[in-house]
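Structure record follows, encoded as structure tokens.
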Amino acid sequence: MIKATSLAIAALACLPSLQAALAAGPAETDRRVRLLAATCITCHGPGGQSLGAVPSLAGQDKTYLQTAMHEQKKGERDTTVMRKYMKGFTDDEIAKLADYFSNLK
């Protein structure tokens with residue numbers, strides 16, 4: 001029962017971030033990309049604006065973001081959890097995430 005409770009608490013904790021991601025961003029951005037971006041804002045801040053030591057994503061150069069994500073996926077960058085996240089994304093999803101965050105102010 002403790003595991004189910006912990007999972008429910010974690011899901012509720014992510015809900016505001018998910019709702020913000022679904023409501024934010026350029027109008028042409030499809031819902032799937034905004035949903036994927038919700039996984040990023042937990043560390044990189046609401047709207048891609050970091051609140052701490054983690055880099056902001058909003059407004060970064062699209063090519064830079066895409067290259068950085070591919071390097072993390074390949075293990076060419078020393079990161080904490082990013083490699084695990086990036087391994088779960090396809091090249092197309094990475095391209096769309098880079099486009100999404102580069103278009104945020």
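Scanning region 39-64 for residues that are closer than 18 Å to residue 84 by Cβ, of a type in the set (A, V, I, L, M) and buried (at least 18 other Cβ atoms within 10 Å of the Cβ), which turns out modelled with the lowest pLDDT? Spell out how you get there, then give the answer.
Narrowing region 39-64 to residues closer than 18 Å to residue 84 by Cβ: 39-44, 54-55, 57.
Retained after the next criterion (residues that are of a type in the set (A, V, I, L, M)): 41, 54, 57.
Cutting the leftovers down to buried (at least 18 other Cβ atoms within 10 Å of the Cβ) gives us 41, 57.
Values: 41: 86, 57: 94.
The qualifying residue modelled with the lowest pLDDT is 41.
Within region 81-90, track down each residue that is within 14 Å of residue 33 (Cβ to Cβ) and either crowded, with 19+ Cβ neighbours inside 10 Å or modelled with pLDDT of 95 or more (or both).
Selection gives nothing.
Can you name every residue in region 33-43 that is touching a residue at least 40 places away in the same chain (Cβ under 8 Å) and within 16 Å of residue 103 (Cβ to Cβ)?
33, 34, 36, 37, 40 - these are the residues of region 33-43 that are touching a residue at least 40 places away in the same chain (Cβ under 8 Å) and within 16 Å of residue 103 (Cβ to Cβ).
If you scan region 81-105, which residues turn out to be under 18 Å from residue 43 (Cα atoms), assigned to a loop (DSSP other than H, G, I, E, B) and of a type outside the set (A, V, I, L, M, F, W, C)?
88, 105
Considering only region 19-34, I want to know if a residue exists there that is modelled with pLDDT of 85 or more, surrounded by fewer than 17 Cβ atoms within 10 Å (Cβ to Cβ) and not small (Gly, Ala, Ser).
yes
In region 52-80, which residue that is assigned to a loop (DSSP other than H, G, I, E, B) and either basic (Lys, Arg) or in contact (Cβ under 8 Å) with a residue 12 or more places away in the chain (or both) is farthest from residue 36 (Cα to Cα)?
Taking the candidates together, the pick is 77.
The values are calculated or read from the model by the stated rules, or taken from the named source; none is laboratory data. Only a predicted model underlies this, so the values are computations on that prediction, with no experimental measurement involved. Because the Cβ atoms are built from the backbone with ideal geometry, glycine has one as well, and the counts that use them run over all protein chains shown.
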